[in-house]
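K.L.:
Dumping the structure here so I can ask a few things about it.
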Amino acid sequence: MNFDEIIDRRNTHSAKWDAMEPVYGVPRDEGIAMWVADMDFRPPQSVQDALETMKDQGVYGYYADEKSYKDSICWWMETRHNWTVDPAAIFTTHGLVNGTSMCVDSFTKPGDGVVLFTPVYHAFARVIEASDRQVVECPLVVESGKYKLDFAAYDAQMTGNETMLVFCSPHNPGGRVWSRDELQGVIDFAKRHDLILVSDEIHHDLVFPGATHIPMANVDDSVVDRLVMMTATTKTFNIAGSHSGNVIIHDPDLRARFQKRMNAMGISPNSFGIYMAEAAYSETGAAWLEALIAYLDENRRILDEGLNSIPGVKSMPMEATYLSWADFSGTGMNSDEFIKRVQEDAKIAANHGITFGKGGEQYLRFNFATPRANIIEAVSRLKDAFSDMQ
């Protein structure tokens, strides 16, 4: 669990490090990659051991008998989240972007509206639009520095053409851990407008001290007939390259509809993802996660302190994820100007807020799941890039 170890990911086909130059113009040899949401840490030893076992066996055939794999998922959800999952409710998709796409395909039709509370994870809108559905953006409201939900405004926006809500819990990019009352409000909103509720909870393990994530399934039993839960090991344990996620559906009718689309698309899990997920959902994985959260919490403090020391910049207080959401509106600069300073002067690749939808225009998202030396260097560069404002 040496999270301080510098692992050079350049020239390894890393999307995060090798693509920052073509995407952002940040030189690969000098830049700090703080955009793509994966971590620069090795996963738990149990995951490495599972891959070594596969390598030693040396035959990479089809996977069968998912009992132990599904049991590990059920154990994790019960142990970590007090959520009881029926193994029969678990589908394994090619990651959760694919899971989102499968939900859109299974439960809506072309032309339907799919609701997003924006700004929110950019891939949602991408798959909705590519599926010939309409993205319905319902803007979040900033109150006391945090995102809040404004259901009265959202009710007024609905036209009756909407059939699904994709909800991000904990929230990416705002780092919110929603309260039980807020989650109940989401459920009530979905019921009022007869929406399938897809709850993306991929960041549910990455919650900082003082906050507690509540699975949507644990809020109100009456939502089961419209609820789809999405979880994964990939963000928690830094194994996103396994492209493995879980769509969990307890309602028999919804489950049958989703299964039909899975069958039609010929989707089945890859054996590497299953071996890695089962190894991660273990006591070893749990111990690694506890150490990770403590490390990320200090990285968060250092980055937030650095960002907030720049006049006009304010980092949204985070309760979860490793993705800092920084508001540059107070600098008086337009987005082109502050982005230029970050990318060209500081040589940092960060996600542009506008890609997350309405409300993100004056923000940048910084991934701080990297060795602390990178965070300290990034803070120093950012302060230098905005030194004329000090």
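K.L.:
Which shape class, rounded, prolate or oblate, goes with region 156-276 when its Cα gyration tensor gives a ≥ b ≥ c as root eigenvalues, a/c under 1.5 marks rounded, and past that a/b bigger than b/c marks prolate? Spell out each step's value before the answer.
P.N.:
Working: a/c = 2.05, a/b = 1.13, b/c = 1.80.
Judged from the Cα gyration tensor, region 156-276 comes out oblate (a/c at least 1.5, b/c at or above a/b).
K.L.:
Express the C-alpha Rg of region 4-143 as a ratio against the empirical globular expectation 2.2 N^0.38 Å, rounded to two decimals.
P.N.:
Values: Rg = 19.9 Å, N = 140, 2.2 N^0.38 = 14.4 Å.
It is 1.38.
K.L.:
How high is the relative contact order of the chain? Use alpha-carbon pairs under 8 Å, at least six apart in sequence, and give a whole percent.
P.N.:
On the way: 715 pairs, mean separation 93.3, N = 390.
RCO, the chain: 24 percent.
K.L.:
Could I ask something else about it? How large is the dipole of region 208-270 about the Cα centre if only Lys and Arg carry +1 and Asp and Glu carry -1, each at its Cβ, rounded to the nearest 20 debye?
P.N.:
Numbers: 6 positive and 5 negative charges, 66 e Å.
I would put it at about 320 debye.
K.L.:
Right, something else. Under a 1.4 angstrom probe, counting protein chains only, how are Val59, Val136, Val26 ranked by accessible area, largest first?
P.N.:
On the way: Val59 100, Val136 25, Val26 0 Å².
Ranked from most to least accessible, the order is Val59, Val136, Val26.
K.L.:
May I ask you to list the chymotrypsin sites (Phe, Trp or Tyr not before Pro) in region 1-82 that are in a DSSP loop and have at most 16 other Cβ atoms within 10 Å of their Cβ? Don't jump to the answer; show the numbers that get you there.
P.N.:
Numbers: sites: Phe3, Trp17, Tyr24, Trp35, Phe41, Tyr60, Tyr62, Tyr63, Tyr69, Trp75, Trp76; in loops: Phe3, Trp35, Phe41, Tyr60, Tyr62, Tyr63.
In loop regions of region 1-82 (DSSP not H, G, I, E or B), the sparsely surrounded chymotrypsin sites (Phe, Trp or Tyr not before Pro) are Tyr60, Tyr62, Tyr63.
K.L.:
Can you pull the accessible area of Ser68 for me, 1.4 Å probe, Å² to the nearest 10?
P.N.:
60
K.L.:
Also: Measuring with a 1.4 Å probe in the full set of protein chains, what accessible area per residue, in whole Å², belongs to region 336-390?
P.N.:
On the way: 2230 Å² over 55 residues.
Per residue, region 336-390 has 41 Å² of solvent-accessible surface.
K.L.:
Okay, next question. Going by average Cβ density within 10 Å per residue, which order do the peptides 224-230, 123-129 take, highest to lowest? Write down the numbers at each step before the final one.
P.N.:
Details: 224-230: 21.1, 123-129: 18.9.
In descending order of packing, they fall as 224-230, 123-129.
K.L.:
Just read off the accessible area of Tyr121 with the full protein assembly in place, 1.4 Å probe, to the nearest 10 Å².
P.N.:
60
K.L.:
If you roll a 1.4 Å probe over region 11-82 with all protein chains in place, what percent of the accessible area is carbon or sulfur?
P.N.:
Details: 2000 of 4010 Å².
The computed percentage sits at 50.
K.L.:
Still on this model: Among [x] 28.5; [y] 34.4; [z] 18.7, which is the computed mean projected area of the Cα convex hull in nm²?
P.N.:
[z]
K.L.:
Quick one: order Thr93, Thr53 from most to least accessible surface, probe 1.4 Å. Could you put the intermediate results ahead of the total?
P.N.:
Working: Thr93 5, Thr53 90 Å².
In descending accessible area the options line up as Thr53, Thr93.
K.L.:
How much accessible surface does His243 have with a 1.4 Å probe, in Å² rounded to 10?
P.N.:
That residue has around 90 Å² of solvent-accessible surface.
K.L.:
A further question follows. Which sequence of Asp205, Asp253, Asp155, Asp65 reflects their accessible areas, 1.4 Å probe, from the largest down? Spell out each step's value before the answer.
P.N.:
Details: Asp205 5, Asp253 90, Asp155 55, Asp65 115 Å².
The residues order as Asp65, Asp253, Asp155, Asp205, largest area first.
K.L.:
Two decimals is fine: what is log10 I(q)/I(0) at q = 0.12, 0.15, 0.18, 0.22 Å⁻¹ for region 90-187, from a Debye sum with one equal scatterer on every Cα and no solvent?
P.N.:
-0.40, -0.62, -0.89, -1.24
K.L.:
Show that you can apply the helix-only estimate: for the chain, add -39,500 (n - 2.57) for every DSSP H stretch of four or more residues, divide by all residues, and state [θ] at 222 nm to the nearest 500. Working shown, then result.
P.N.:
Working: 14 runs with 152 residues, N = 390.
So the calculated ellipticity at 222 nm is -12000 deg cm²/dmol.
The values are calculated or read from the model by the stated rules, or taken from the named source; none is laboratory data. Treat the numbers as computed from the prediction; the structure is a model and nothing was measured. Virtual Cβ from ideal backbone geometry, glycine too; neighbours counted across all protein chains shown. Calculation scope for accessible area: heavy atoms of the full protein, side chains included, ligands and nucleic acids excluded. Shrake-Rupley method; radii C 1.70, N 1.55, O 1.52, S 1.80 Å.
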